[in-house]
Each structure stands twice: as C-alpha cells, then as structure tokens.
Amino acid sequence: MASAKSTRNDVQGALELAVFAGGRVTRHPLPAEGRVSLGRSPENDVPIDDSSVSRRHAIIHLGPPIAIEDLGSANGTRLRRERSAGPTTKLVELQPEQGKTMELSVGDAVNLGSTLIVILPREGTASAAPGQGQGQPIVLDPAMERLYALAERVAGAPITVLLLGETGAGKEVLAEHIHRRSPRAQGPFVRLNCAALSESLLESELFGHERGAFTSAVQAKPGLLETAEKGTVLLDEVGELPPSIQVKLLRVLEERKVMRVGGLSPRPIDVRFISATNRDLAAEVKRGAFREDLFFRLNGIALTIPPLRARISEIAPLARSLADRTASALGRPAPAFARETLAALEAHGWPGNIRELRNVIERAVVLSGGDTLLPEHLLLDAAAALPPVEARPAAAPAEPRPAAAPEAAAPAGTVPPAEGGGGLRGELDAIERKRIVDALEQCAGNQTQAAALLGMPRRTFVARLSAYGIPRPRKGKATR
Ligand SMILES: Nc1ncnc2c1ncn2[C@@H]1O[C@H](COP(=O)(O)OP(=O)(O)OP(=O)(O)O)[C@@H](O)[C@H]1O
C-alpha cells in the first residue's frame, strides 16, 4: 500500500484514501493533518494513472474538518451525494469553485474526472486487516468445506503446507486458520511477502543480521524466522524467491537452524512453514526457475483453493458480510441487496476473487449512499462476466491434492455451471444500456461527463456505446 505523503507531517491518521481507477483500487494511508495532493503527475502525494485526471487535479485538506479543493482541473472534482426526493433518492453532484474548498465526510464519494475517490477508516483501525479479527472465514461451498476439513487435520500434524490458488482467493486466510487450529496457535503467525522485497532486504528480513554485517546494520536484528519461534511462518508469493535465497531457505528447512547475515554460528529454530503462491510452482520447477528440492520440502501437502467463480454459494454471504463491515465503518446501517444485485454478483467472473469482491462492495456501499445496493452501484466490468451456462466448460471438483510429484500441484482453474445464464446477462445488459442513455441525457450528450458520472473510463464508455448500438452523440446533443 502506498502511503500518501503529507506536506506538514507524516503521522498516519486513522483514515485512508481508496482510489478506484481503471477497474483497480489502491489504498493510501492518510496523515492525521496536512495537505495531500492528487493528480496524474507522479509528483503528487497520490498519483492517479487516469487520462481524465489532470496533472495537478485536487488537494485534500485533512482536518478537522476534511475538505477538498479543485486546482482548476479539466474534468472537474464532483462530490456525489444522494438526496431524498419524495419517496425516492436522487443523486446530486456538487462542484467546488476553483480555489475554494468543499467539506467532505468520511464515506463521501468524489469523482476526479472518471476516477472515484473515497476517504474510509483505515484497515486495521475500524475495519480489520485481512485475516485478522474478521471472525471465522466464510466456508459454504462443498469443495471448500472439504478443503477446510482437510486443513483442520493437517493443522495438527508437523507438516509443511503449500497453498495454491488464484490471487485474492483466500490463501492467507486459510494459512492463518491452519495456524489458529494448530498446537502453535499461542505462538506468533508471521507473514512475509517474498515478492515485495529486494534480494538483499529479503535475506536480512528472513534470516536477520549481525551488527556491522553491512553499512546500515548498526544493530544486530533477528530475522523473521527467529521471531516466529514456536509459531508459523507464511511465505507468501514463494514462487518469487530469488535462487540465492532458495538455497539458504532449503538449508534452514533441512537443518532447522538459521544463520544471520554476517553471523558465525547457526541458531536453532522451531517454526512451521506454510507457503503460498498463485503460480504453477510445478511448472516453475520444470522450467528451472524454482528448485525441485525446495519444492518437495515446502510441499508436505498441497491444498488448492478454488477460485470464487467456482464457489457461487459463497458469493452472497461474502458480499453481505463485506457490506455490513463497510457500512459499520462508515457509521451506516447494513444495506440490503436487491435481487438483481445478487444475481449480477453471481454472474461475474471475479478474476481478482474475494479481494475484487471486497473492492466492488466497498465502492457500491459508498456509491449507494442509501439502504439498498442496486446493480448500478456495482460498476462491474462486463468483460469479466461469466459466459452463459451452456458455453462454460464442465466443472471439475476443486479437490485438495496430497503431496506428490510436481505434476500434481497445478492450481484449479475451472468454471462451474451457475444459476442464471444468457437471460440474466441480457437483463444486466439492458440495465447497463439504460444507465448509459440516462447518463448521456443528464450530461446533454457530453460523453466525457457521462463516463465520469458513471465512474467509467471514457474509452470503456465509448466502447459500450458501440457495443449497445447507441449512436455517438454530436457535441451538445442528448441521445435516446
Ligand atoms: N473464506 C473467507 N471468508 C471471508 N473473507 C475471506 C475469505 N477468504 C478470503 N477472504 C478475504 O479476501 C481477501 C483476500 O484474501 P487473502 O489475502 O487470503 O487472499 P490470497 O489468496 O492470499 O491473495 P494473494 O494471492 O493476492 O496474496 C482478504 O480481504 C480476506 O480477508
């Protein structure tokens, strides 16, 4: 997570800025006070890679009160609020005058061009960090139930575990569950993202260093493997380990001893190893990018987590739990889900799995402002919709795989049949088409503004116009 720099101080507050741009969300912890600049230029505290955002677009003033100032951007800064209009609610947009600030509340949705930004309570403050304090994992799909039942049995045995599955599918959550159900539950659970650090930093993080081992080593520091004593170490993205660290890790696994960088004698350690990867590690072994001996050491048993699109029965309960959490962080009552909203969620392909679902639901709760989540609040990418039922390949059970030769450890990637299909797709297309026509009408045919209103990149918007056969309006003309 990138941290927003403050021009006054760098003390992190209890808030973060979620930036929804180009179908991705990035999160930036906000300082307790000061100014945070936003814009396309990399010099901004929060750079936003979206052509509809100006190089220097806006400034957030952190309070109290919190306020936003537009810096004369080309596509504007608009605060989206719902106002009740008789029995219905109506979306109103407020635009700050250039050079003047407009007050913001936590949870307000603001459009910078077509990028949506929202200030939220920071993860780990009001809402829990991944895998921590979120209560029990939600497990309802039969293949997931079998997987978790096997994980319970594995938890009690002194065996290394390799977790396979797509990004965001829940490998870290399962790793922590195994730790909590193991005899090491009272010990630490320590996670290291092997992809996030340079080779030398990774080495000193994992194994520690002695004083003077390198120029900045002014003090001796135990490594992660030592701090996890009597607990569990999760090596996340283990497929990214550079070859030199692979050799050292193999030695640790064989000897159960760790040698600090610059150290003279190895220290015994007592930790359990769980590794996780979204790569096909067996294929990495075959092409010589991952050591076979280390693969066998880590792969005491391999458990494969099915992708979310193969766990349709879990989508609605997960969505409800995520919506409740977001609403409670924003001090709002838990929202209801329209039937069509749940159908749309179940028809989506979820390439980013539960992490993507979380982003979509957080954004929907913010955008809805009201008490019911409607399909138009989801802003799902139509390109990631599942094909109609009849066009999908036959489902294969996502079974856990016992320790075996490299061939046995390929992640599952099958698409099961789901409720709905072509009819539902058609319904969703009709909803999206109507939203686009309405937005164009509201913006007097201005495509840039209509795309921004829908929180859609302009290029996607234009592609949708031709996909739905909506004539591209000439400047200043509304479309029907
Ligand atoms: N069974 C579950 N119930 C509730 N929430 C879950 C469950 N599994 C995963 N999540 C949530 O989904 C998000 C992604 O989960 P997690 O970090 O475990 O995925 P991952 O497979 O380790 O991802 P990556 O490969 O990117 O590291 C987290 O916010 C996590 O809390």
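Here the stretch 274-389 has 51 percent of its accessible surface on carbon and sulfur atoms, given a 1.4 Å probe and all protein chains in place. Checking the cross-link pairs Lys248/Lys286; Lys171/Lys230; Lys171/Lys221; Lys221/Lys248 against a 25 Å limit on the alpha carbon distance flags Lys171/Lys221 as lying beyond it.
Within the stretch 12-121, what whole-number % of the accessible surface is contributed by carbon and sulfur, with the 1.4 Å probe and all protein chains included in the calculation?
Working: 2230 of 4760 Å².
Carbon and sulfur atoms account for 47 percent of the accessible area of the stretch 12-121.
Only one residue of Phe214, Val258, Gly239 has its Cα farthest out toward the positive end of the dipole of the stretch 142-304, where Lys and Arg carry +1 and Asp and Glu -1 on Cβ, and that residue is Val258. Between the residues Val53, Gly39, Leu71, the greatest Cα displacement towards the positive end of the dipole of the stretch 12-121, with unit charges on the Cβ of Lys, Arg, Asp and Glu, is found for Val53. Over all pairs of different C-alpha atoms, the stretch 12-121 has a mean inverse distance whose reciprocal, the Kirkwood radius, equals 14.0 Å.
For the peptides 181-192, 317-328, the ranking by packing is 317-328, 181-192, with the highest mean count of neighbouring Cβ atoms within 10 Å listed first.
Kirkwood Rh over Cα pairs of the stretch 142-304 into Stokes-Einstein at 25 °C, 0.890 mPa s: D in µm²/s?
On the way: Rh = 16.2 Å.
Roughly 152 µm²/s, to the nearest whole number.
When you work out D = kT/(6 pi eta Rh) for the stretch 431-472 at 25 °C and 0.890 mPa s, using the Kirkwood radius from C-alpha pairs as Rh and the Stokes-Einstein form, the result is 253 µm²/s.
The values are calculated or read from the model by the stated rules, or taken from the named source; none is laboratory data. If you're wondering where the values come from, they're calculated on a predicted model, not measured in any experiment. Positions of Cβ are backbone-derived with ideal geometry, glycine not excepted, and every protein chain shown enters the neighbour counts. What goes into the accessible areas is simple: the full protein's heavy atoms, side chains included, and nothing from ligands, DNA or RNA. Shrake-Rupley method; radii C 1.70, N 1.55, O 1.52, S 1.80 Å.
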